[in-house]
Amino acid sequence: MRKLVLLGVAAAGVVCADPRYMIDYVLPRGGSQGTSVDVEFHGFALENPRQVLFYGPGITASDFRPYARPGDGFKVRFQIAKDCPVGEHVLRVRTATGLTDAVTFWVSRFPTIYEFEDKAGQNDTIDRAKPVPLNVTVEGQILPGPDADIDVYRVEVKEGQRVSVEVESARLGTLHYGGENDLAVRILDANGKELGRNDDSALFVQDPVLGMVARKTGSYFIEIKQQIFIPPRQAWYRAHIGTFSRPTAIFPAGGRSGTTISVRLLGDPAGERTEQIALPGKAGKFEYFGDAPSPNVLRMSPYPNVVWPADSATLPAALNGILARPGEVHQYRFHAKKDEEWKVQVFARALGAPVDPKVWIRAAGQDRHILEADDARLQDLGLPSARATWYIKDQQDPVAIFKPGADGEYILGIEDATGAGGPDHVYRVEIEPVHNAVYTHITAPDGYQMPRLAGLIIPKGNRWTLDVQLAQGLGNNYKGELELEARGLPKGVTMIAPRVPKGAARVPVQFVAAPDAEEQAALIEILARPVDKGVKLESASRQGFAFTNRGGELPWHFVFVDQYALAVVQPAPFRVRLSQPQAPLLQGSELLLKATVERTEDFTGAIEIQTDWVPPGVSKESTVTIPADKTEATFRLQANDKAAPGTYKIAMNASTTGGDGYSGIGRVRVSSEFAELRVSQPYLSIELLRSSVEQGKRGEITGTLRFNRPLPGKATIRLEQLPRGVKMLEPVPVITAADKEVVFHVEADPDALAGLYRGITCEVELKEEGQTVHSHTGSGILRVDAARSSL
Amino acid sequence: MRLSLILAAAPLIAATIPPPQPPKPVSFRLDVMPVFFRAGCNSGGCHGAASGKDGFHLGLFGYDPAGDYYRLTKQMVGRRIDLAAPEQSLLLLKATGAVPHSGGRRFKPGSEYYSTLLRWIQAGAPDDAANVPTVSGISLVPDKVVFSGKDKRRPLQVIARYSDGTTRVVNNLALYLTNNQGTADIDDQGVVTGGKRGDTFVFARFAKYTVGAEVIVLPNGKFKWPKLKADNYVDELVYAKLQKLRIVPSGPATDEQFLRRACLDLIGLPPTGEEYKSFMADRAPNKRAKLIDALLERDEYADLWATNWAEWLKIRSDSNNGAFGTDRKAAYAYYQWIREQMKRNTPLDQFVRAQVAGTGSNLRNPPVNLYTMLPQGPFDPKGVAQDFSQVFTGVRVQCAQCHNHPFDRWTQEDYYGFVSFFTGVKRKVASEAREMYVYDDPNAPPAKHLLDGHPVPARFLGGDAPDVQGKDPRAALADWLTSKDNALFRQNLADRIWTQFFGRGIVDPVDDVRISNPPSNRELLEELGRRLADYGYDARRLVRDICNSQVYQASVAANDSNRDDDSQFSHQRLRRLRADVMLDALSQITETPGEFSESPRGVRAMQLYEGLYRSDNYFLKTFGASARDSVSTSETRIEPTLAQALHMVNGNTLEGKLARSQVVPAMLKAGKKPSEIIDDLFVRALGRKPSEAEAKKMLSLVSASPGDKSGYDDVLWALVNSTEFEFNH
């Protein structure tokens, strides 16, 4: 373990922590059931760790030991329960003032053995292979440096014994960005003859899976290396080496929830076998491990299986088959009624099967496909996506809504889009009635889980504003207003959520921690509820974390969770107030918001303010700093011509300076109470008539006034965007509600450039509720003519 | 003897052709269009340009007669053609230079061309009837001319055949070109004039056809062919041609020369000291054959051919994370698959077939990367068809995309028919962004003809249209391509192999096969192709034939008769080492491992799966390594430049290697004498021992401090800066 620590720290010294993430990486990458492990956290702004928040059961953390520079990280002891679920565990850390991003830690059922290679070449060959017993998890590292590191392990195997290797490497997602850890595995005999190799697997994409049955007793060698040389960065892996069975697919891949199904386990080098699997009561995904380190995914449905070669179904139903030969197409007949809505969802790649399924439906006796679906978008699967670039293998499985145009018999066909086939090419098609669903996400607009925007960190006695997105599930028909409900809020924390108007995709929501709330972290849900109580609407919280992100925003590994983490942290040394703006924000105009901060006596720092969330069509300045000696500032909003009129809740967020301004890491941030922002139409619009002026002469530009609502008093109007050399003459025209038009006097210099100028506009200035309001309107054309004398 | 017979027969053939009988009345397609062609009006630099010239557009080289008729007679009525006053037609005024014309005067008033156009306009500028005959072929008579000595003249006759069975002499309407003006010039009436000794081709073009005639110019005086024993068919066929040309081949290369040449050509590395010693000490009469066999089994042989193919197939990743299936992983997988096939000596027909007809994931079934690497971006069936044709047949069909090929037989119909093999190829992202599925959609429509948009079903180049209804047409394409009967394929592969050992193809460049670029020794090319196919496309067997020939093993030193020969393989050619070979040679000589960015230490330049592309290596770039931007063999450049010389003299590659090298210190430590060290350095760098004079000179450089590395570094520096090192000879 000492060596591990040294290596980790050395590597951290080379690559600076990314200030967008509090936790850069965690080592070791995992541990074993029933053991305790000292875990190192490396990162940025990690002072005063208080709690490790696990998204699932089985691990507890204690005994934080900060490094010499406390912000760089700490060590903490993980106690892994004997019955701790095997596989990936998602966790975050609450510090005295913050909540980190999510990272993962992997639990194995086997004892963990650490590689301990500190110089490439120590276990690179069969002769220098590191001996390991069977049924262990080896945690090793492809060492950084110019030489391609190869790790070879020796196992002693008896004749007829199965040797399985399953590597977790890309899946570990050790780094948030880069660290493309794509490994390949080979099994060799004592003469170096290759008995098997795997680079990518259908089950785990970049991570290899390999198995064989030993023909004779002896030493066998497991070789692990990078598939292609990429300068390694934190290239850790956990290789499970043992006699476990690693099926590549299970058929049928699911059944009726609450029943026991008889299944065939496929792809085991020792041969196919049949097992009984009890499916629990709840519909959805079921992970079947057997004795393998990672699960096969099965589906549970509240309706029966149809298993090929049976080819007729009564809906709802789950159709199950194996596309065993290239080009094979399975067709099922079913009856459906006009205007029924069915969700047709295929599961194949999501199960880890090597199928790229394509599904189609046609009316019986006709050739034309009335539905065809090949791939899916993340949002079709109810998952958040960043910049539309996120991609997971499950998206190869199509999902579509089928709405028959008439009562009748229909044929559903399923095939591989690329024409492939094979013995473990398992699929399952679930056809069930469409249900309404709206999911909530808290992804920042840039796709990252930046604490500044997607965090939920509430200083005691203060408040935090979160931008919640609402995403309609595939086939959702509920388009009405929504209320947001918070579940699992800890004592002393309340949520203030304005009603979500029809069609709104983002709303600000506030969380308030009472002054006496306990400092703690919790997992909560934010759920959308229909205002119309008679409607049934499914909702869930969905958040995605990307790991091993690569250029082009193409991460290799994602963690999708269905709870949001919330932290109540120590009190902030200031609060912020947003004055209720009296005047509306007019389309095509600006509005200044006024914010006031109140510091505690011992805090004298500068404070940055910004709103973060603004209504659609409204833009804002980036940040405004209130210097240490000031308590007030204004903040400018600007509405374009299309900003939707209405009343919106808006908050001012304020944070300390220092740390990372973009991500908000290393800062203390609070929100003001909501104020109401009114977005309105301007009082009037002006249509400028096309005019001309001669060089060196005066001219007039006339504007026709159109009032949207009565003008409260007088307004002055100026021309803007006049061509160079043309100026508006004083006095500035003043209008009242009684005027029909306005006339501007202009003068062109003798050297004003002759030509046609577009985009001349008017600035209207008026006083409302004591505040001067400016708005822009009109788009006129002015022709500057050459002086006649010069012709 | 055969030659003189041909000479005698030629006039007879000409005499049997009836005298010109232009069909009456003047036909737009048969008479008027050829005038535009002959006068250059519809060439690419003039009105044949895509957007025409000065407001007037003609189909390039006359590929669109209907369009041309419309533009002349209907587009601007009364302007270009004036039926009321035919002589005042702008067409005639411009062509004769009577009014300003960017193209100047194309022909004189009163000339035959003028009269043809005038008569046509006088007749009302009629369009042809639908059944107007079309040109179905042309021939050049005679098709072989031999001159004894310079400045002899010989008229050729260009005879056009029409679809109605008639023929017509079109010398006045054809265009002419020569492949080597120095040896044979041809004038605008088809009269050939012989020049300096040699063998070349002259061509006539008419309608969409190009035909050639071989012209041989022999020196005056007596010629005696020496008694030479051919070792195999390569020698026989090259010697037969040389004898015909009265060229005496050079004598054999020395063992030292042969060893270095064979190592560089077969494995891309110079011989090591050990290899030198053992070869030189071998007294077996067949030691050269043994060496060839041994080198063929080396992994470096596979590296070299994997690199050749990787260059021809543009294997490289794109910098945007492989949005089109061209991630590094795909490039690596494809390269490794090729290398594996080269190592196993997979028959080349199977090797190509797996790529052409492949389906599935580009990471799990790497040969399908043919369809990711050729496009290097969005899939364009036309671009893929062009690259495909060039790589696997040597034919460049791209000209026929916009017009019938001007220097070859390919028509637009051929072009779009070939493109149709690829219009169904589909690609989609698979399990992750780096992986792409490649497959065929058998229901995809074929390519559309550029001219009128009619669909052109899949058709082999110069062959039939297979029945691919509802099927992946690429399977049929692979069958046709790799069939033993496909001379294009087998000959191009054989020629690519040949080029590796001579630095010049029998067709040169090897990937520009066209009628107007004929092979320098057709019989040899045909035999090599036939053998390769008969060997079951076993490349090594053909390589063995070539390398065991006296032709390959000849000296580079020329004699009086073959000094000017650059195409008949009468002596070996001096060839600058390829960039990767040279860099690997420097690494081997200095025993310093290669270091390339994004590759592990110790990888040789010849093993870089993306070649120059990702290695970011100044040496490789400067010495002309292929950037893999196109499938063209000319991507790999071996011409010397000043930058290369400067880099060898001043650059950090050699300097760094010399500084890191432990070769000399190890020899010094082992107590070797200065002369032994210098001998060793000569063998490492040049594959030979120094001459006495050289040894003496070099010793003087180190004699001041014989135990000091730097003196020997200077020696080695000088050796690898010599042309002898930089060239294969």
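The values are calculated or read from the model by the stated rules, or taken from the named source; none is laboratory data. If you're wondering where the values come from, they're calculated on a predicted model, not measured in any experiment. With ideal geometry, Cβ positions are generated from the backbone for all residues, glycine too; neighbour counts draw on all protein chains shown.
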Give the number of residues within segment B:483-513 that are of a type in the set (Lys, Arg), farther than 15 Å from B:Val551 by Cα and under 10 Å from the mean Cα position of the chain (by Cα). 1
Restricting attention to segment A:531-558, which residues are at pLDDT 90 or above and in contact with an Asp or Glu (Cβ under 9 Å, 6 or more places away or on another chain)? A:Val531, A:Ser539, A:Ala540, A:Ser541, A:Arg542, A:Gln543, A:Phe545, A:Ala546, A:Thr548, A:Trp556
Is it the case that A:Tyr662 is aromatic (Phe, Trp, Tyr) and buried (at least 17 other Cβ atoms within 10 Å of the Cβ)? no
Regarding segment A:612-635, can at least one residue be identified that is under 27 Å from the mean Cα position of the chain (by Cα), in a strand (DSSP E or B) and within 14 Å of chain B (Cβ to nearest Cβ)? no
Some residue of segment B:321-338 being assigned to a helix (DSSP H, G or I), more than 14 Å from chain A (Cβ to nearest Cβ), touching an Asp or Glu at 6+ places or on another chain (Cβ under 9 Å) and among the aromatic types (Phe, Trp, Tyr): no
Scan segment B:639-651 and tell me whether some residue there is buried (at least 18 other Cβ atoms within 10 Å of the Cβ) and acidic (Asp, Glu). no
Looking at B:Val158, B:Val169, B:Val145, which is the one that is over 30 Å from the mean Cα position of the chain (by Cα) and of a type in the set (A, V, I, L, M, F, W, C)? B:Val169
Only one of (1) surrounded by fewer than 16 Cβ atoms within 10 Å (Cβ to Cβ); (2) at pLDDT 95 or above; (3) over 30 Å from A:Met22 (Cβ atoms) fails for A:Lys502. Which number is that? (2)
Is it fair to say B:Arg614 is within 14 Å of chain A (Cβ to nearest Cβ), part of a helix (DSSP H, G or I) and farther than 27 Å from B:Gln257 by Cβ? yes
So in segment B:364-401, with the set limited to residues that are in contact with a strand residue (DSSP E or B) (Cβ under 9 Å, 6 or more places away or on another chain) and either without any contact (Cβ under 8 Å) to a residue 24 or more places away in the chain or of a type in the set (S, T, N, Q) (or both), which one is nearest to the other protein chains (Cβ to nearest Cβ)? B:Asn365
May I ask you to verify whether B:Gly360 is away from chain A (no Cβ under 12 Å), at positive phi and of a type outside the set (S, T, N, Q)? no
Go through (1) buried (at least 24 other Cβ atoms within 10 Å of the Cβ); (2) away from chain B (no Cβ under 14 Å) for A:His425 and report which single condition fails. (2)
Check A:Gln395 against each of (1) assigned to a loop (DSSP other than H, G, I, E, B); (2) within 12 Å of another protein chain (Cβ to nearest Cβ) and name the one condition it does not meet. (1)
Determine whether segment A:329-340 contains at least one residue that is over 30 Å from the mean Cα position of the chain (by Cα), at pLDDT 95 or above and among the aromatic types (Phe, Trp, Tyr). yes
Quick check on my filter: what residues within segment A:65-99 are of a type in the set (Asp, Glu) and either in a loop (DSSP other than H, G, I, E, B) or at positive phi (or both)? A:Asp83
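Every residue in segment A:82-108 that is hydroxyl-bearing (Ser, Thr, Tyr), within 30 Å of A:Pro573 (Cα to Cα) and touching a helix residue (DSSP H, G or I) at 6+ places or on another chain (Cβ under 9 Å), please. It would help to see each step written out before you state the result.
Initially, segment A:82-108 is screened for residues hydroxyl-bearing (Ser, Thr, Tyr), giving A:95, A:97, A:100, A:104, A:108.
In the following step, the residues that additionally are within 30 Å of A:Pro573 (Cα to Cα) were identified as A:95, A:97, A:100.
Across segment A:82-108, the qualifying residue is only A:Thr100.
Here's the yes/no breakdown for (1) without any contact (Cβ under 8 Å) to a residue 24 or more places away in the chain; (2) under 25 Å from A:Leu378 (Cβ atoms); (3) surrounded by 21 or more Cβ atoms within 10 Å (Cβ to Cβ):
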site: A:Met450; (1), (2), (3): no, yes, no
site: A:Leu453; (1), (2), (3): no, yes, yes
site: A:Trp464; (1), (2), (3): no, no, yes
site: A:Asp467; (1), (2), (3): no, yes, no
site: A:Gly475; (1), (2), (3): no, yes, no
site: A:Arg487; (1), (2), (3): no, yes, no
site: A:Pro490; (1), (2), (3): no, no, no
Members of segment A:771-786 that are in contact (Cβ under 8 Å) with a residue 60 or more places away in the chain and within 44 Å of the chain's Cα centre (by Cα): A:Gln771, A:Val773, A:His774, A:Ser775, A:His776, A:Thr777, A:Gly778, A:Ser779
Hey, among A:Ala235, A:Ala239, which residue is within 14 Å of chain B (Cβ to nearest Cβ) and either of a type in the set (Gly, Ala, Ser) or crowded, with 21+ Cβ neighbours inside 10 Å (or both)? A:Ala235
Go through the residues of segment B:472-486 one by one and say whether even a single one is among the basic types (Lys, Arg), part of a helix (DSSP H, G or I), over 26 Å from B:Leu304 (Cβ atoms) and within 14 Å of another protein chain (Cβ to nearest Cβ). yes
If we only count strands (runs of 3 or more DSSP E) wholly inside segment A:485-603, which ones have 1 or more residues that are within 14 Å of chain B (Cβ to nearest Cβ)? A:543-547, A:557-561
For the condition away from every other protein chain (no Cβ under 14 Å), part of a loop (DSSP other than H, G, I, E, B), in contact with a helix residue (DSSP H, G or I) (Cβ under 9 Å, 6 or more places away or on another chain) and on the phi > 0 side of the Ramachandran plot, what is the one hit in B:Gly462, B:Gly453? B:Gly462
Strands (runs of 3 or more DSSP E) completely within segment A:341-383 that count 3 or more residues being in contact with a strand residue (DSSP E or B) (Cβ under 6 Å, 6 or more places away or on another chain), in contact (Cβ under 8 Å) with a residue 60 or more places away in the chain and under 24 Å from A:Ala471 (Cα atoms): A:342-347
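Looking at A:Leu188, A:Leu210, A:Leu175, A:Leu195, can you tell me which residue is under 27 Å from the mean Cα position of the chain (by Cα) and hydrophobic (A, V, I, L, M, F, W, C)?
From the options A:Leu188, A:Leu210, A:Leu175, A:Leu195, the qualifying one is A:Leu175.
Go through segment B:433-450 residue by residue and tally those that are assigned to a loop (DSSP other than H, G, I, E, B), in contact (Cβ under 8 Å) with a residue 60 or more places away in the chain and of a type in the set (Gly, Ala, Ser).
Adding up the residues that qualify gives 1.
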